[in-house]
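One structure is given below, encoded as structure tokens.
The values are calculated or read from the model by the stated rules, or taken from the named source; none is laboratory data. Given the structure is predicted, the values throughout are model-derived calculations rather than measurements. FYI the Cβ positions are ideal-geometry reconstructions off the backbone, even for glycines, and counts take in every protein chain you see. Accessible surface areas use protein heavy atoms only, side chains included; no ligands, DNA or RNA. Shrake-Rupley method; radii C 1.70, N 1.55, O 1.52, S 1.80 Å.
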Amino acid sequence: MVSTVTSTLEDLPLDIGFLDTAEEPQKPGMVPPPPGEESQTVILPPGWQSYLSPQGRRYYVNTTTNETTWERPSSSPGIPASPGSHRSSLLPTVNGYHASGTPAHPPETAHMSVRKSTGDSQNLGSSSPSKKQSKENTITINCVTFPHPDTMPEQQLLKPTEWSYCDYFWADKKDPQGNGTVAGFELLLQKQLKGKQMQKEMSEFIRERIKIEEDYAKNLAKLSQNSLASQEEGSLGEAWAQVKKSLADEAEVHLKFSAKLHSEVEKPLMNFRENFKKDMKKCDHHIADLRKQLASRYASVEKARKALTERQRDLEMKTQQLEIKLSNKTEEDIKKARRKSTQAGDDLMRCVDLYNQAQSKWFEEMVTTTLELERLEVERVEMIRQHLCQYTQLRHETDMFNQSTVEPVDQLLRKVDPAKDRELWVREHKTGSIRPVDMEI
């Protein structure tokens with residue numbers, strides 16, 4: 001009696017390739033020569049690093065431009081980067097997290113085959129003389145295929161020691177406010193939008209600071225025109241007049257400070273990336289569309305997998321009928337069932353191939369976009385730091401100018417001489433220097 005491989009096919013992974021022997025990762029910047037070339041180490045151009053996927057295929061990452069490619073980059077213009085190599089339709093799909101939620105190490109292929117080759121693709125749809133034992137190498141979570149934590153080797157980080165966005169946001173995270181999940185990319189977008197909001201609030205804070213400076217300057221100017229103690233005379237009167245004048249000078253300093261705060265700090269903070277939210281929304285829609293396409297491809301795979309199981313079950317039933325009663329009609333039914341089963345296997349392979357292509361596209365865009373978000377965050381923080389440094393510089397200058405306004409006051413106060421003031425006042429207002437004497441009898 002011929003047995004089927006239904007149970008084996010139920011565990012069929014999303015990648016129909018065969019399990020390659022794992023290789024030891026090479027040191028960044030050094031790659032083995034392509035097949036057919038002399039066995040010597042090839043040095044990569046500056047800025048490039050090479051990695052191995054779990055399937056043993058080598059790819060290259062430009063750490064400066066974040067470009068990824070299958071072809072080995074060449075430092076000599078006009079020379080092909082990697083002779084004989086070509087871009088596969090199934091690029092590596094990196095997930096970055098194990099099923100348990102602990103970080104793994106992209107960029108490695110998320111799809112691994114279940115077993116080594118035992119025949120051609122038609123084995124999917126035909127009966128097998130004996131069941132083959134298989135071991136799960138992948139696990140699918142929310143339509144994304146991840147390496148199984150118990151059977152797959154640890155992946156290498158794309159940017160080791162950098163805690164890069166492109167390494168740690170492949171899995172979905174449970175929403176603390178509900179029962180759903182939040183995509184890792186969505187968390188990155190939320191951080192970007194929060195950063196934009198913080199930038200806006202800093203600008204509003206500086207605006208309040210400007211308002212305080214303007215009000216202070218107006219009050220100083222108004223106070224400098226006050227007539228209190230304007231009749232003070234002598235060197236003290238001169239010092240007092242200079243005190244009032246210094247208030248007017250200080251008011252002018254604070255007005256200039258507020259104007260510079262507006263033009264050199266507040267305005268740049270407010271206008272930096274005016275279309276940032278719109279750009280982030282476009283980015284979000286793009287990644288979300290790719291994720292939806294991936295989910296659609298996964299649904300097609302599951303549908304094809306179910307159809308294959310039904311065809312194999314039908315083939316097994318007709319095979320059992322043939323053993324019970326041999327007839328030409330039963331043999332024809334078996335041939336027809338075998339053709340349908342084979343077709344179902346081909347359909348499953350086609351759906352898996354389309355799924356892998358969709359996941360590869362999603363992976364590529366995720367790597368590119370997360371690295372861009374990382375760059376934007378660094379740029380935002382650096383921009384704010386520079387403008388806050390400008391704020392402190394203006395503040396120091398203001399203090400220096402304020403000090404200059406009181407220096408004349410200090411000079412006049414050092415010259416205040418009560419005796420001299422008395423002399424000047426007496427000379428101006430004296431009424432007579434002859435003192436009275438006793439009356440004579």
Hypothetical label at Gln197: residues of the range 241-282 whose amide nitrogen lies under 16 Å (7 Å Cα-Cβ projection)
276-278, 280-281
Solvent-accessible area of His429, probe 1.4 Å, all protein chains present, reported in Å² to the nearest ten, please.
80 Å²
For a protection proxy built on the mean count of beta-carbon atoms within 10 angstrom, sort 232-243, 396-407 highest first, please.
232-243, 396-407
Pull up the cross-link candidates among the aspartates and glutamates for Lys318, meaning alpha carbon to alpha carbon under 17 Å and not fewer than 8 places away within one chain.
Glu310, Glu331, Glu332, Asp333
As a test question: what accessible area, to the nearest 10 Å², does Ser230 have when a 1.4 Å probe is rolled over all protein chains in place?
70 Å²
Using only the alpha carbons of the range 253-345, determine the length spanned along each of the three principal axes and report them from longest to shortest in whole angstroms.
108, 14, 10
Would you please report the Å³ per residue occupied by the convex hull of the alpha carbon atoms in the range 327-389?
42 Å³
Cα gyration tensor, the range 305-345 - rounded (a/c under 1.5), prolate or oblate
oblate
Could you pull the Rg and Dmax for the range 343-441, using just the Cα atoms, both in Å?
43.7, 155
Which pairs in the list Lys194/Lys282; Lys159/Lys361; Lys260/Lys415; Lys159/Lys303 are over 27 Å apart, alpha-carbon to alpha-carbon?
Lys260/Lys415; Lys159/Lys303
For the range 124-277, fraction of C-alpha pairs farther apart than 23 Å, in %:
69 percent
Report the label-to-label distance for His396 and Lys336 in nanometres (one decimal), using points 7 Å from each Cα along the Cα→Cβ vector.
9.1 nm
Full extension between Arg427 and Glu67 adds, at 0.36 nm per residue less the Cα distance, a length in nm of 120.5 nm
Using a basic spin-label model with each label point 7 Å from the Cα along Cα→Cβ, how many nm lie between Asn271 and Glu252?
2.8 nm
Taking 0.36 nm per residue of separation between Val182 and Lys420 and subtracting their Cα-Cα distance, the length gained on full extension comes to 77.4 nm
Additional length obtainable on full extension of the chain from Lys306 to Asp215, 0.36 nm per residue less Cα span
25.2 nm
Once you order the gyration tensor axes a ≥ b ≥ c over the Cα atoms, which shape class does the range 218-285 get: rounded for a/c under 1.5, otherwise prolate or oblate by comparing a/b with b/c?
prolate
